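Accompanying notes for the structure given below.
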Amino acid sequence: MSGRVTQSVFLKGVHRIQEEASSKVLILGGDEYGIRIAEVLKNNAFDSTVLFEPNEKYPANPKAEIVQGLILNISGFMGNFSVQIETSSNVTHSKFGYIVAAQPPHRKSKINAFAINDSKSIYNLSEFKDYLKSGGRLPERKDRWRHIAFFFDLKGSSEVSQFETLVSVLDRLETEDRLQPYVFTRNLKVASPGLDARFRYHRQRGVVFFKFDNGDPVINQDENGSVITFVEPLLGEQMELTPDIMVFDEILGPTDSLKPILNLIPSSPAFAPYLQPESSRFQGVETPKAGIYAVGPSRGVFDIESLNADVQAVTVAILKASMEKPDLSGKGVASVDHGKCTFCLTCLRLCPHGAIGFISRPEIDPLSCRACGVCVVECPMGAIEIRPLGDFTHSTETVSRPIKLIVCAKSGLQAAAKIKAGILSDVEIIALQCAGNVSAASLLEYFRDGARGVIVAGCFKGNCASIYGSTLAERRVGYAAEILNQAGFDPERLEFTSVAGNTPETVVEAIMKLKSRIHHY
Amino acid sequence: MKKETLIIGGGITGLSLAWELSCLGISSTIVEKAPFMGGHVSNFACKATQTCQKCGACQLEDYLSKVHKAENVDLMVSSTVDSLTQNGRDFKAMILQRKSMIVSDKCDDCGLCLKVCPVEGALFYPAFDSRLYISNEKCLNSIGVHCEICAQICPQGAVELQEKSREVETEVASIAICTGFSPYDPTQKLKFGYPRVPGVITSLELDSILRTGNFQSAAFGETPKSIAFIQCVGSRDPRSGTNYCSQICCGVSIRLARLIKNRYPDINLTIFYMDIQTFEREFDRTLDRAQSDINFIRAMPSEIHSDEDGFPRVVYHGGDETRQMALFDMVVLSVGIVPRDPDLPGSFPGLWKNRDGFIGSDDNGVDAGHPGIFVAGAAQGPKSISACVSHAILAASQIKRYLDRTMRGE
Amino acid sequence: METLLYLGCTVPIRNLNYEVSARLTAKALGITFRDIEEFGCCGFPLKSLNVEDMMVTAARNLALAEREDLDICALCNACAGTLNEVAHQVRTNPEIREKINRRLKPLGLRLDGNVKVRNYMRLLWEEIGIEGIAKAVTRPLNGVTLAPHYGCHYLKPSELNVGFDSPEVPRTLSDLITATGAKVINYPSLLDCCGGGLLGMSEEVANAMAVRKLQEVSASGAHALVLVCPFCNVMYEGQQKKIAKSTGIDLKTPVVYYPQVLGLALGMTSEELGFKLNRIKPKELLEIVEG
Amino acid sequence: MPKINLNELDPEFKHRVAEQPGGEGLKACFGCKACTAACPIQPIDKRYDPRKIIRMALLGMKKQVLESDFIWLCSSCYGCQEVCPQNVRFTEVMYAIKNLAAQEACIPPGLTAQRSLLKKHGRLYEVGEFENEKRLKIGLPPIIEHAEDFDVLLPDQTVEKDPGHSSTFHNS
């Protein structure tokens, strides 16, 4: 594996990419997944370094190169990331082609949410699991039954993986005599293969589950211990329980140490603290920034099955990326006219994909650029250029096709392809990589050139591959409409509509409504 | 020409798998028995309200357009794998294709063919398309009865009937079973009145209605004023032989409910449930929002029957002292995912079924137990659209690994 | 065909009209009922106290039948259900089989559970069939309208009824009635439980359970409610007056057994069929049929 | 309303019920309440509520269940059993609970009477000359009791306690 092809003219000039760096992968997060990813990558001829955080446990025989330290800073683009790591002894600077965030989840205890003090007989679920795993024993009670109370999905919803943990803890407990486990819960998360059957098994073994719709159980503590008071949900009776042990599940989330990577992606405030927007546009482990991959908790995935899939998906993603060639024709990638650029850095702040860097002047990485055109429109100097897609036949004959339908190639274009020709007879379709490439000025130009109506069809909020491309487009349509209004034109001749590839009817509806509004012009 | 992978099933899993393989430089042929690609997802509505609800249904369009453009993917609709034999390490597949079709460029939607066709459902408009299709399974010609009534009456000459199947023999190095799932058949639950009681429909039917547009256009006459969803119909139900959670139904129903609430704010919505399963990242907030305008009742109804005026009445016990009998205009049975027999022709040692009846896979999740045969998507177990795509990516990685190894002669 | 007739406790003492009409109609349709003098209680009344006692009591009858190598036809739904359940358990569960046989041994009996138990309706349905019955009808009951009542143990538990009738949308009794030429009405409380099971525990609750059906059938204009179980009869016929009195609802719903209806259609007289033992006389029905 | 203390209940009780013939399904219950919605008794008499009885048994409320009079109110219609997705077979569970009650708590007098009749005559009703004459008149063969078998078959009852609060129980 020789790494990716890096023949971009400016990459050669500006970044002076090192071939050996491009096939190196930095994996953040030890745990078992980090090491496993390193192994799988190794089989595909990628060398990895696994970064352990200073407090993370070190495996005995790691099958990968391991560094223990903290990331101070990351910069650069796919194939050429510069990473500054602070270890216990010094600060290192290294180059990597790809970065994989595979840290274990951050666990937030719920014990405080119950307004009780953490004491000896109170555990977080993950602690209790470790306690039993390491041979920890339950308190002996010769005279009576021991009662153990689990709290799950209360005070914040819980993940399927936590129910799996709870069930595996119950598996261990079941061997004990005269022990009665109770589970206080809201919704049991059984959406994983075999989990509902295991839940049934534990009911059969005698575990009692209380499901609360409202009125969570209340825990009172005094010197004698804790008393749980609640209204039994099925009986409606007041009940109390003095448990010997209480175990609380935790809130899972991404680790805090993703910050240096989030800083690399200007659109990240929209989806932080995760590395991946929750959008079906981002399948598998891809993030908006090329070359950065999010595994498991860093993209909001916690269950073991999906985590295992993520381990493999990283390799697929890196292989795909290493085969990708930059579009040098210029058709699908933005480029900066350095003569016009005044270094305001608007483009840098706004590129949703983190594709723009600054080394003495703004440069666009052709592999990272998704051609959304957000920068093109937002550049106050008009210094950035990107051309519309050329693969949709459209006439420039404004007279015969006086309605302009501006569509995003990822949604509106597919929807438009499903619309009957009759409805589109007087509609010119203009396809863009992203509605984010629509500017108020261009909309006004259509009217200047004789358009009777213009519809901009962008993705629904949350479904835009450029995170906020369609939101910007909608806002710009608003500006343009305002200007039209002030200029004495009917602003209703211009409209933004949200669309998905499978909602041609919303486009048809928008066209029909527009036609009825403008028929007298 | 030899393809590297034969993908059986052209649903979201098969298509995304083909795309991932294509990106990795691996060629594939997708065999789909329906006259169009897309499987179940092609009937699913976009559930976006003002914002995307992340149902993933539009992913299909995305993958369809990508796969159509990909050079190393062959798409075969109206096709079935007739025989499959081992040939050394490779497989030999005989594919039967009967591509009777209505040429959409010529068709002017006059409807004459629909009127004269002797078999109901043999000519049909799918929910997602304004074009007319010929069902391979129902068209008389497919059972050997010569019939060309539609072709003769069509004034446009748009009907192209293919009476005999075309046989295509291909050799492939690997096989991916992407045959998906079957929805649970709610007629087994007689208590729920489907399809006896008017107004009782399945979640798939509702999805399809919303995809087409609205309730009126779906021959419902009127827009309902109240709709109830019954969760876990055929899921978590050892009595029906399904001792597992179907995983997707909570997400589907809550998204459908929110979509309906968005389009028709006056419709009253109720969801009967056992446990609400997490289905997205901001689940707590989604659930809170949903609970603010949807009535959630933790109860499994005992019965749905028709009241005097023909509306569905749901009998349940919500936790009060007495049982409730609630009238709705429409009751949606949120049917679970049950295994579909992939009908793999030929026998391959090692293939197995898991505890729940889906195609078994080993620890890596996609190896079906016989060298070179893989399983992906809902054929392996209940999965959402995005989980199907993730599984397809996983399958792509394992297929690549397998092909790399066999090529090296390991 | 030949089969053993299982009468149970109640029918031969309290519902002679059911027994006599069943015997007559069976004979007319070519079914030979054989009596076994030793048959005793089916065991159902013991189930609450001790399930095992119930099982051996039922098993005794089943073992007697197995010795004859003949199927059982029971007239009472509860008997049929109990015998069927125990036969099924003994057949499918070796542990139970052994336990039961240990207790049967002192009586010189042994049970493998292979004996087939059917109620009379199922026997008619499966052996004669709707068409067979329709063909045998000599006096079609035109103009007669009847309300069927199946009874819980006729249909449930459904796992014991596989291949017979659906507990949710039953049709066998309706079809059997239709075959006589009578018209069947469908009514909302068709599947209601009669309440007979707890008459001994709480008459008040039992009566409250029976009232809706009686009211609906009475209002429907049906000439009679058609039963196939003496337990249900206790409620719908035996308790009818009391129910009417306690609820203040005017109830006068004639209650007949299906074999009585069938007998009329086969040309038998109401006298032969024991109609004079019916406590609420189906006058209109008999007038239409016999003039 | 006094609080019920879970620590004082009997966690063993659910296992005891499940060990009875027919009681096996009890612990599979996950509280969907379909049984109560299908029960014809519950709307008439609130004391009889399948989901509550299951729940009480699961929580170990042994005394409250076994000594209650409501457990005898099941009509054995199988309505609950047919709708249970978890195959709890509640009608059979009720029998299991009643069997336990009969063993260690109380039996309604009516049932005891039925049992003695059965043991004495082999049937629920004594068959005398009057009955057989009536049968003969209508052309039916006589019924002959075979009580001797039942003396062997049914052991003598050991526990017979008065429920003490049998207001709802009466002989039919």
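Quick notes on this structure:
- Listed by position, the helices (runs of 4 or more DSSP H) inside the range C:114-208 whose residues that are among the β-branched types (Val, Ile, Thr) number at least 3 are C:172-178.
- Checking residue C:242 against (1) out of contact with any strand residue (DSSP E or B) (no Cβ under 9 Å at 6 or more places or on another chain); (2) within 14 Å of chain D (Cβ to nearest Cβ); (3) more than 23 Å from residue C:283 (Cβ to Cβ), the condition it does not meet: (3)
- Here residue B:191 clears all of (1) closer than 30 Å to residue B:305 by Cβ; (2) in a loop (DSSP other than H, G, I, E, B); (3) at pLDDT 90 or above; (4) not aliphatic (A, V, I, L, M) except the condition numbered (2).
- Filter result (within 14 Å of chain D (Cβ to nearest Cβ) and aromatic (Phe, Trp, Tyr)) within the range B:194-244: B:244
- Residues in the range A:221-230 that are within 14 Å of chain D (Cβ to nearest Cβ) and in a strand (DSSP E or B): A:225, A:226, A:227, A:228, A:229, A:230.
- Test: residue B:336 is under 20 Å from the mean Cα position of the chain (by Cα), within 30 Å of residue A:211 (Cβ to Cβ) and among the small types (Gly, Ala, Ser): yes
- Within the range A:137-151, being closer than 24 Å to residue A:112 by Cα and either not aliphatic (A, V, I, L, M) or not in a strand (DSSP E or B) (or both) holds for A:138, A:139, A:147, A:150, A:151.
- Number of the exception - residue D:85 against (1) within 7 Å of another protein chain (Cβ to nearest Cβ); (2) farther than 28 Å from residue A:186 by Cβ; (3) surrounded by fewer than 24 Cβ atoms within 10 Å (Cβ to Cβ); (4) touching a helix residue (DSSP H, G or I) at 6+ places or on another chain (Cβ under 6 Å): (2)
- Count - residues of the range D:63-82 that are facing chain C (nearest Cβ under 10 Å), part of a helix (DSSP H, G or I) and farther than 22 Å from residue C:158 by Cβ: 4
- Subset of the range A:284-298 (residues that are without any contact (Cβ under 8 Å) to a residue 40 or more places away in the chain and surrounded by 24 or more Cβ atoms within 10 Å (Cβ to Cβ)): A:284, A:287
- Filter pass, residue A:344 being crowded, with 24+ Cβ neighbours inside 10 Å and away from chain B (no Cβ under 14 Å): no
- Sole residue being under 27 Å from the mean Cα position of the chain (by Cα) and closer than 28 Å to residue A:505 by Cα, chosen from B:95, B:102, B:143, B:177: B:102
- Scanning the range D:112-138 for residues that are part of a helix (DSSP H, G or I), of a type in the set (A, V, I, L, M, F, W, C) and touching a residue at least 12 places away in the same chain (Cβ under 8 Å) gives D:113, D:118.
- The range B:111-142, subset hydroxyl-bearing (Ser, Thr, Tyr) and within 16 Å of residue B:211 (Cβ to Cβ), residue modelled with the highest pLDDT: B:133
- Residue match in the range A:177-187 (condition: closer than 26 Å to residue B:239 by Cβ, in a loop (DSSP other than H, G, I, E, B) and at pLDDT 95 or above): yes
- Test: residue in the range B:103-110 that is β-branched (Val, Ile, Thr), surrounded by 15 or more Cβ atoms within 10 Å (Cβ to Cβ) and over 30 Å from residue A:498 (Cα atoms): no
- The test for being assigned to a loop (DSSP other than H, G, I, E, B), acidic (Asp, Glu) and closer than 30 Å to residue B:32 by Cα holds for residue B:341.
- Here residue C:80 does not qualify as surrounded by 18 or more Cβ atoms within 10 Å (Cβ to Cβ) and either within 13 Å of another protein chain (Cβ to nearest Cβ) or touching a Phe, Trp or Tyr at 6+ places or on another chain (Cβ under 7 Å) (or both).
- Which listed residue is in the same structural domain as residue B:26 (by TED's automatic domain parsing), over 30 Å from residue B:57 (Cβ atoms) and in contact (Cβ under 8 Å) with a residue 12 or more places away in the chain, from B:381, B:372, B:319: B:372
- Of the strands (runs of 3 or more DSSP E) lying entirely inside the range B:214-309, the ones with 1 or more residues being of a type in the set (S, T, N, Q), surrounded by fewer than 24 Cβ atoms within 10 Å (Cβ to Cβ) and at pLDDT below 95 are found at B:303-306.
- In a residue-by-residue description of the range D:37-52, the property of being more than 14 Å from chain B (Cβ to nearest Cβ) and among the acidic types (Asp, Glu) applies to no position.
- If you go through the range B:349-370 and pick out every residue that is surrounded by 15 or more Cβ atoms within 10 Å (Cβ to Cβ) and either under 19 Å from residue B:393 (Cα atoms) or among the small types (Gly, Ala, Ser) (or both), you end up with 10.
- For the residues C:107, C:75, C:111, the requirement of being in contact (Cβ under 8 Å) with a residue 40 or more places away in the chain and under 22 Å from the mean Cα position of the chain (by Cα) singles out C:75.
- Of all residues in the range C:4-26, those that are closer than 20 Å to residue C:136 by Cβ have Cβ atoms under 7 Å from Cβ atoms of residues that are among the small types (Gly, Ala, Ser) and surrounded by fewer than 22 Cβ atoms within 10 Å (Cβ to Cβ), 6 or more apart or on another chain, in C:20/D:139.
- Given (1) assigned to a helix (DSSP H, G or I); (2) crowded, with 22+ Cβ neighbours inside 10 Å; (3) not hydrophobic (A, V, I, L, M, F, W, C), number of the condition residue C:241 does not satisfy: (2)
- From the options A:458, A:453, residue that is more than 13 Å from every other protein chain (Cβ to nearest Cβ), in contact with a helix residue (DSSP H, G or I) (Cβ under 9 Å, 6 or more places away or on another chain), under 24 Å from residue A:502 (Cα atoms) and not aromatic (Phe, Trp, Tyr): A:453
- Residue ID - surrounded by the most Cβ atoms within 10 Å (Cβ to Cβ), chosen from residues in the range A:414-432 that are in contact (Cβ under 8 Å) with a residue 40 or more places away in the chain and not in a loop (DSSP other than H, G, I, E, B): A:432
- Assessment of the range D:87-95 against the conditions (at pLDDT below 95 and polar (S, T, N, Q)) yields at least one matching residue.
- Restricting the range A:231-246 to residues that are among the β-branched types (Val, Ile, Thr) and within 29 Å of residue D:47 (Cα to Cα) leaves a set whose member that is nearest to the other protein chains (Cβ to nearest Cβ) is A:242.
The values are calculated or read from the model by the stated rules, or taken from the named source; none is laboratory data. Values in this document were obtained by computation on a predicted structure and should not be read as measured data. Reconstructed Cβ throughout: ideal geometry from the backbone, glycine too, with neighbour counts over all protein chains shown.
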